[in-house]
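To start, the structure itself, in structure tokens.
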Amino acid sequence: MSEGVLTRDWKESFDEIYDGAVDEANPPLKLFEKAYDGAVIATSYAEILLNQAIRRYGADTKVGYPDTGYYLPVIRALSGEAVETLGELPPILNRMRNQIHEELNFDNARLCGEAAAYSAEIIEALRYLDGARPHVEPWTGFLGDPVVRRYGILLVDWTIPGQAVVMGKGKSSEEVGKIIMDLQGKGFMIFLCNQVIEQAIEAGCKLGIDFIAFPIGNFTQVIHAVNYALRAGIAFGGIPPGERQDTRDYQRRRVRAFVLQLGEIDEVQVAAHFAAIFLGFPVITDQELAEDEQIPNWYVSHTNYEDLVQVAMEIRGIKLKILDIPIPITVGPAFEGEVIRKGDMRVEFGGGRTTAFELVEMVEEDQIEDGKIEVIGPEIDDVEEGKSLPLGLVVKIFGRKMQEDFESVLERRLHYLINYGEGLWHMAQRDTIWMRISKDAAAKGFKIRDYGELLVAKFKDEFPSIVDRVQVTLITDADKVDKELERAQEFYSARDERLKGLTDESVEEFYSCILCQSFAPNHCCVVTPERLGLCGAVSWLDGKAAYEIDPTGPNRPIQKEGLVDEEKGIWESVNEYVYNNTNRTIEECSMYSFMDRPMTSCGCFECIMAILPEANGVMITTREYSGDTPIGMTFSTLAGTCGGGVQTPGFMGHGRAYVLSKKFISADGGLGRLVWIPKELKDSLGDELRERAEEDGLGADFVDKIADETVGVTAEEILPFLEEKGHPALTMDPLM
């Protein structure tokens, strides 16, 4: 979309953020001149490489990044153009060159930045021609859509407070390492470009997708930080491609990025800096610049590395609530994806090697000593390196607003809270947990007791309205673990019995979840006892607990009133709530149908369901499965179709566990409609899926009738299999 298409009021309201930034009596002309020269160099370089590629491969050759449904994301987001071939790029590049003007001012410098961004996107896309994979570890290059979506929830609730782009070469590896670790300790998503990558590696920083610290590459690879942010706007912000000013406004308000430029700066880098400023991201450099080479709040010189991150946060307007936890390791979401291999392990608990369990229990006021942490049995120093210990992790909670139903909700939070610790690893739940402490964490002084310090602090910090007192007991004595496990299993059994009776019909209200609305403004989850949130992380009990914790938060009760259609699950009260909380765009919503007025999808869904007309059934693909599907679209492409808060009959995002629900598309035929799923999902659902099939009268062998990628990835490949197996969907009433 060009500037001329925008309304005058809209454009002026956005550009107010730049008003008055430049001293008109003493403008930074040298800086603007570098931006102009850099844009000329960037577009010329892109033209040379593009012409070479067209001569070699032909104008009709496909161009694009792997694992994305957003074409070339910078161009797609800002102009709306869905570029698919090399021949479509020359007129786009020419358009960018034509907006590079010699007049030196702030407006033109930002347009030079936009032209540089387009040029870098074209240059980088050419690296991937003919299926090339130009990057090897630790460099990531382009980050596919699964990585964009993986951190959606953390970005939505600002658990990740912002994105830091660190480029250039720092004063030393040690000092660069301190900057990276400072950013990680504060929970930032980090993109590294140029020599700082080697410096960070030399300093021993933990980099890679699992640490939300992406070493994207050198030179023009910095564009991968930009196209990542722009895809977030399309996927989660509900912003249609080509809404240029809406996109820029979203980036400024929600992504909260900034650039740290270390070392000497050339003209092309300055043009790249103004690409960031064009999107609302300030640039802070360690180079000493004169006042007439800076722009207050946008292009700032700060030479002191000690408080460089703090200054950048202040300029960007990011404020953190700092929680001081008295343990020797860093705690933050950057470490949630850390994997501790056997060779890196100091000690482990559970995982089939030993008995291990976790339990959160509500107690009375006189049954708890607030802040008490007790280790019963061997400590970490008492066990040989690489060996295993049993573990009983018991957390007692007292709160005046605490309820028995919240025990399991808080218990599930143990997984996230422990994984936030650098060098800690936690898997599974209840009596199937598996935990590890790394050698590095142990070398820093982490003890088993420190689990207690972490949990006492985090439970009080994250659940202040229902948690008043916390006491933690960690049992590593084998006999006492076995004895305490028997008591824990009584809790598990009692909870399971309560949950068995928790159906949609047995409750008076459902719960909303609008946590993702900062990314998908027109989306609203309706969470019921038999349908968890699309992200898989919010159950009905979670919604209830969250409402008790924060009555003004994203989870609110929706009374079941005015039944319209029992089979499809439509209530007047639900429709009214959804309508009023989706910017009045979704008028009706059904709980039990994906064909008729289905619930909207955000972008954080674990799975996507799609109608497969040839088989009269449905297929499901998952975030983990990146391959082709029988509908001819990958997960990423499907996500671009039904994500962002739209209501798309025949397509719907959902959680993995929803497949096991008795209400699984019950208005459309239920589980019997399922004809294809990835093998990984089939295996993970395992016996529970077979039990559900038997409950529905489909037979224990129904799961064997469901095709997966080992059978085929096209309708033509799987239909003979379905016919041979006698899949029930083939004889059910037509879906369409």
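The values are calculated or read from the model by the stated rules, or taken from the named source; none is laboratory data. None of these values were measured; they are calculated from a predicted model. Note: ideal-geometry Cβ built from the backbone for every residue, glycine included; neighbour counts use all protein chains shown. Calculation scope for accessible area: heavy atoms of the full protein, side chains included, ligands and nucleic acids excluded. Shrake-Rupley method; radii C 1.70, N 1.55, O 1.52, S 1.80 Å.
So the values come out like this:
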{"item": "Label-to-label distance, nm, for residues given as K319 and K480 (7 Å Cα→Cβ offset)", "result": "4.5"}
{"item": "Distant-in-sequence amide H partners of L502 (H built 1.01 Å from N, under 5 Å)", "result": "none"}
{"item": "Amide H contacts of Y299 (H built 1.01 Å from N, under 5 Å, at least 5 apart or other chain)", "result": "V283"}
{"item": "Under the Karplus curve 6.51 cos²θ - 1.76 cosθ + 1.60, θ = phi - 60°, whole-Hz ³J(HN,Hα) for the stretch 636-648, x wherever Gly or Pro sits", "result": "4, 5, 4, 4, x, 7, 10, x, x, x, 9, 9, 10"}
{"item": "Formal net charge of residues neighbouring E174 (Cβ-Cβ distance under 14 Å; K, R +1; D, E -1)", "result": "-2"}
{"item": "Full-extension gain in nm, K342 to Q287, via 0.36 nm per residue minus C-alpha separation", "result": "15.5 nm"}
{"item": "J(HN,Hα) series, the stretch 614-629, from Karplus relation 6.51 cos²θ - 1.76 cosθ + 1.60, nearest Hz, glycine and proline x", "result": "4, 9, 6, x, 10, 10, 10, 10, 10, 4, 6, 8, 9, x, 6, 10"}
{"item": "Förster-model FRET efficiency, 51 Å R0, V507 and V711, C-beta, rounded to 0.05", "result": "0.80"}
{"item": "Average accessible area per residue (Å²) across the chain - probe 1.4 Å, nucleic acids and ligands excluded", "result": "40"}
{"item": "Radius 9 Å from Cβ of R498, net charge of other residues (Lys, Arg +1; Asp, Glu -1)", "result": "-2"}
{"item": "Highest-first arrangement of 331-343, 448-460, where packing means the average Cβ count within 10 Å", "result": "448-460, 331-343"}
{"item": "Separation in nanometres of the label points that stand 7 Å from Cα toward Cβ, at D107 and S626", "result": "4.4"}
{"item": "Carbon and sulfur %, accessible surface of the stretch 623-736 computed with the full protein complex present, 1.4 Å", "result": "48"}
{"item": "Across K186/K444; K500/K705; K401/K544; K396/K444; K186/K206, pairs whose alpha-carbon gap is larger than 22 Å", "result": "K500/K705; K396/K444"}
{"item": "Gained length - R253 relative to E369, 0.36 nm times residue gap less alpha-carbon distance", "result": "37.4 nm"}
{"item": "Amide H within-cut-off set for R346, under 5 Å, with H built and near neighbours excluded", "result": "I437, S438, K439"}
{"item": "Extension gain, Q310 back to T85 (0.36 nm per residue minus Cα-Cα distance, nm)", "result": "76.6 nm"}
{"item": "Spin-label pair M427/R449, simplified geometry with 7 Å Cα→Cβ offset, distance in nm", "result": "3.0"}
{"item": "Using θ = phi - 60° and Karplus 6.51 cos²θ - 1.76 cosθ + 1.60, couplings along the stretch 344-355 (whole Hz; Gly, Pro as x)", "result": "9, 8, 7, 7, 9, 9, x, x, x, 7, 9, 6"}
